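Report on the following structure.
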Amino acid sequence: MSFSRRALLGASTAAALPLFAIRQAHAADVTLRISNNVPTTHPLNVRLREAAETIDKETGGKVELRIFPSNQLGADTDVLSQVRSGAVQMMTISGLILSTLVPASSISGIGFAFPDYPTVWKAMDGELGAHIRGEVGKAGLVMFEKIWDNGFRQITSSSKPINTPADLANFKIRVPVSPLWTSMFSAFGAAPTSINFAETYSALQTKIVDGQENPLAVVETAKLYEVQKYCAMTNHMWDGFWLIANRRAFSAIPANLRDTVEKTLNAAALRQREDTEKLNNSLEAQLKDRGVVFNRPDPAPFRDKLKQAGFYNEWKTKFGNDAWALLEKSVGGLA
């Protein structure tokens with residue numbers, strides 16, 4: 001499947017109704033509602049719709065995926081509660097937000113740990129990812145094998161460019177509802193404020209915060225460039241979306257149908273990774289045309305600042321030596 005950047009990004013992101021991936025003439029035996037927090041045009045939703053069509057065909061219409069983008073069912077933390085209760089069957093969620101329930105899931109977001117995508121996939125498709133899935137399983141959730149890509153995160157600002165760690169001193173920045181994000185930006189001397197993504201645009205618009213951090217695909221598809229002037233290409237953190245499901249609901253699906261759902265969605269995740277990397281790599285020029293001013297800080301002083309502030313040692317203690325060893329096995333020494 002291929003799609004142009006214009007086609008991907010030009011569609012409306014203000015969908016008021018769920019995306020019914022398949023419209024069937026008869027009721028499906030199994031209906032799975034999948035929630036996510038990104039716009040309809042994001043590669044995640046493009047590939048979810050494609051996966052829904054494949055699952056419909058391969059199961060003979062017995063399984064229907066209903067996709068709810070753009071926080072239609074509520075903010076991430078609210079939907080996570082709904083997935084745990086079974087009111088919603090599935091969702092994609094950042095491991096850093098999932099860490100409010102399963103602390104181990106945020107280890108993939110350690111600041112300035114991953115230098116590039118090959119290192120990310122070595123860890124997340126390998127022993128570190130397996131460790132996270134094992135911990136999430138203990139919380140009564142099913143976590144799919146392949147994580148979806150959100151991309152490397154960049155810092156945007158409405159007031160000034162961020163060139164050095166000193167520029168983050170007292171900087172009011174929106175961060176997701178996750179202790180790791182708050183801890184990292186506090187180590188830089190910033191003033192992080194935890195805000196669900198659904199409220200981020202208005203928080204920037206009303207100057208509750210001066211900046212935020214996200215991959216460029218989110219800056220574009222959520223139109224954050226309308227309320228942000230500067231973008232520092234820090235690559236300070238890689239973030240992905242785990243696809244999780246309510247264990248009772250997913251286990252109740254007949255094994256052959258469940259296997260089809262898993263196989264199809266894991267394959268879709270791999271294709272979405274390629275889409276998202278290409279999209280993030282291509283968006284700088286487009287955002288420049290929209291008036292965003294870019295700069296590329298040296299990551300070394302930021303990493304040194306985190307080390308001096310005790311950030312790495314603090315989180316090594318929190319995650320435990322075994323989990324930290326799996327991280328450093330992929331990325332090299334940090335603490």
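The values are calculated or read from the model by the stated rules, or taken from the named source; none is laboratory data. Bear in mind the structure is a predicted one, so any value in this text is a computation, not a measurement. FYI the Cβ positions are ideal-geometry reconstructions off the backbone, even for glycines, and counts take in every protein chain you see.
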Review point. Which of the residues spanning segment 231-268 are touching a Pro at 6+ places or on another chain (Cβ under 8 Å) and either within 12 Å of Ile55 (Cα to Cα) or of a type outside the set (Val, Ile, Thr) (or both)?
Key: Ala232, Met233, Asn235, His236, Asp239
Review point. Do you know which residues across segment 71-93 are at pLDDT below 95 and surrounded by 23 or more Cβ atoms within 10 Å (Cβ to Cβ)?
Key: Asp76
**Study point:** Within segment 48-70, considering residues that are of a type outside the set (Val, Ile, Thr) and part of a loop (DSSP other than H, G, I, E, B), the one modelled with the lowest pLDDT
**Key:** Ser70
Exercise for review: Considering (1) without any contact (Cβ under 8 Å) to a residue 60 or more places away in the chain; (2) over 21 Å from Phe311 (Cβ atoms); (3) of a type in the set (Phe, Trp, Tyr), say which one Phe144 fails and leave the rest.
Suggested key: (1)
Exercise for review: Test each condition in (1) surrounded by 19 or more Cβ atoms within 10 Å (Cβ to Cβ); (2) not in a helix (DSSP H, G or I); (3) not hydrophobic (A, V, I, L, M, F, W, C) for Gly291 and report the one that comes out false.
Suggested key: (1)
**Study point:** Elements of type helices (runs of 4 or more DSSP H) contained in segment 200-259, each with 2 or more residues being surrounded by fewer than 24 Cβ atoms within 10 Å (Cβ to Cβ) and small (Gly, Ala, Ser)
**Key:** 200-205, 247-251
Study note, to complete from the structure: The strands (runs of 3 or more DSSP E) lying entirely within segment 117-189 that contain at least 2 residues which are over 24 Å from Gly332 (Cα atoms) and among the hydroxyl-bearing types (Ser, Thr, Tyr) are 148-157
Point to revise | Only one of Ile93, Ile67 that is closer than 23 Å to Ala222 by Cβ and under 16 Å from the mean Cα position of the chain (by Cα) | key: Ile93
**Study point:** Selection from segment 97-116 of residues that are in a helix (DSSP H, G or I) and buried (at least 23 other Cβ atoms within 10 Å of the Cβ)
**Key:** Ile97, Leu98, Ser105, Ser106, Ile107, Ser108, Gly109
Check your understanding: Going through segment 295-320 one residue at a time, which ones are buried (at least 16 other Cβ atoms within 10 Å of the Cβ) and either among the hydrophobic types (A, V, I, L, M, F, W, C) or touching a Gly at 6+ places or on another chain (Cβ under 7 Å) (or both)?
Key -> Phe302, Leu306, Ala309, Phe311, Trp315, Phe319
